[in-house]
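K.L.:
Pasting in a structure now, in structure tokens, and then I'll have a few things to ask.
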Amino acid sequence: MVPRILTDKIIDKIYKEKIIIIIGPRQVGKTTLARTLIDRIKENTIWLNGDEPDIRDILSGATSAVLKNVVGKNKIVVIDEAQRIFNVGITLKLFHDVLPEKQIIVTGSSALELANEINEPLTGRKYEYNLYPFSLSEMNEFNGFIDEKRLLEHRLVYGFYPDVVMNPGEENEILTSLTESYLYKDIFSWGKIKKPQILEKLLQALALQIGSEVKFHEIGQLIGADPKTVEHYVDLLEKAFVIFRLQSLSRNLRNEIKRGKKIYFYDNGIRNAVIKNFNPLLMRQDVGALWENFLISERIKKNHYSNNYVNQFFWRNHAMQEIDYIEEKNGKLYACEFKWNAKKKVFFSKSFLKAYKNSETFVINKKNYHEFLL
């Protein structure tokens, strides 16, 4: 079993009179993480699975008396697949208010976000953690630095979904299955998508524009949808942890792109499955895009797991000068250019350096990427 970074972080929050919520896309190991926590805590536990109809009936609209009877003398309550439970946010608030001495651990897929079930009822009552596919740091710990470094090109193509990583030789089949239906199940089940065929075309269009500025009206023309539909579907895909967007930095220069955005996938394997291209790097024309997507998605994992709170941007001006990735922390900018080829020279825009004099610049390539991600 690959140890997850969140395990120790969550253990430190046990019995702090707050509900612990583990949220993320399907198939990233939320239930496995919850079981690992229970094994570590070693307290009497009741496990409530939201996939079971009777559990859903009991927890939907339960009274405080019912909850007390359900929990009994158990110290830990795990509610797995919580997105299946109607009004689960209200039930969890009741758990917190009437049983503060119990530790409630909740796992849920993106439907919790899509339905906005937990944010308002649990304000100030929860610790919430995002669980992603395996991170480079987790796999480095599991495989060792050298072996994981040898797998870098493989990771750029197939990504880090646990089922993919743990079943070598079956990557194509697993990723294809994920992207054909399972990954978007929450969106479909909540009736948020009226035209599934548009979703498929949108994902393909986004996958082919990694590293490029995305304009909703242009994508709409390409796939036969109006810009508002495109933006709505992009928002849903973000809430489902399939994609994320990077906004443009614009503060000083008159010719900066003001409202630009780029869109990336949380996992390279999912991105490649969407366009049905699992060719090795030597046979691809999109190595730069894969490298950029990999580095930014892995950096997001690193920042989240290490509580490194930053603002994230890209930068571009109308003269088509650009910087791939920028982090802002404590008022300072850290600008990064991503190059797969370590020998390729990089020149940062003089316009950017003049406008943001307090910034630091970095070039991330396949020889030094571990310093950026580990």
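K.L.:
I'd like the orientation of helix 287-305 relative to the chain: the angle between its Cα long axis and the longest Cα principal axis, in ° from 0 to 90, rounded to 10.
P.N.:
Tilt of helix 287-305: around 40 degrees.
K.L.:
If you don't mind, another one. Checking a compactness column here: for the stretch 252-374, what do you get for Rg(Cα) / (2.2 N^0.38 Å), N being the number of residues?
P.N.:
Normalised Rg, Cα atoms only: 1.11.
K.L.:
Take the Cβ-Cβ distance between K215 and D235 as r, set R0 to 25 Å, and report the resulting FRET efficiency rounded to the nearest 0.05.
P.N.:
Efficiency, rounded to the nearest 0.05: 0.95.
K.L.:
If you don't mind, there's one more thing I want to ask. To the nearest 0.05, what FRET efficiency results for E120 and D39 with a Förster distance of 35 Å applied to their C-beta separation?
P.N.:
About 0.60, to the nearest 0.05.
K.L.:
Now a separate question. Given R₀ = 35 Å, what would the calculated FRET efficiency be for H318 paired with Q197, taking r from the Cβ atoms and rounding to 0.05?
P.N.:
Once the sixth-power term is evaluated, E becomes 0.50.
K.L.:
Just need the relative contact order of the stretch 183-299 here, percent rounded to a whole number, with Cα pairs under 8 Å and 6+ apart.
P.N.:
With pairs under 8 Å counted, the relative contact order is 27 percent.
K.L.:
May I ask for the equivalent-ellipsoid semi-axes of the stretch 1-131, computed as the square root of five times each C-alpha gyration tensor eigenvalue and listed largest first in whole Å?
P.N.:
20, 17, 14
K.L.:
Starting from the Cα-Cα distance between E180 and K261, subtract it from 0.36 nm times their residue separation and give me the gain in nm to one decimal.
P.N.:
On the way: separation 81, 0.36 × 81 = 29.16 nm, distance 2.63 nm.
Additional length available on full extension: 26.5 nm.
K.L.:
In Å², what does the accessible area per residue of the chain work out to with a 1.4 Å probe? It would help to have the intermediate numbers written out before the result.
P.N.:
Values: 17790 Å² over 374 residues.
Accessible area per residue, the chain: 48 Å².
K.L.:
Which distance in nm do the two modelled labels at L152 and K367 give, with both placed 7 Å along the Cα-to-Cβ direction?
P.N.:
Computed distance between label sites L152 and K367 equals 1.0 nm.
K.L.:
Could you give the angle, 0 to 90 degrees to the nearest 10, between helix 171-180's Cα long axis and the longest principal axis of the Cα atoms of the chain?
P.N.:
For 171-180 against the chain, the angle is about 70 degrees.
K.L.:
Going through the cross-link list K126/K215; K30/K73; K262/K345; K126/K332; K93/K239; K194/K261, which pairs have a Cα-Cα distance over 27 Å in this structure? Display every interim value, and only then the final one.
P.N.:
On the way: K126/K215 36 Å; K30/K73 25 Å; K262/K345 24 Å; K126/K332 31 Å; K93/K239 22 Å; K194/K261 25 Å.
With Cα atoms farther than 27 Å apart: K126/K215; K126/K332.
K.L.:
Filter the trypsin sites (Lys or Arg not before Pro) in the stretch 121-226 to those in DSSP coil with at most 12 other Cβ atoms within 10 Å of their Cβ, and list the result.
P.N.:
Loop-located and lightly packed - K194.
The values are calculated or read from the model by the stated rules, or taken from the named source; none is laboratory data. Note that the structure is predicted; figures quoted are calculated from it, not measured. Neighbour counts are summed over all protein chains in view; Cβ atoms, including those assigned to glycine, are modelled from backbone coordinates with ideal geometry. The protein model used for the area step is the full one, side chains on, heavy atoms only, and it has no ligands, DNA or RNA in it. Shrake-Rupley method; radii C 1.70, N 1.55, O 1.52, S 1.80 Å.
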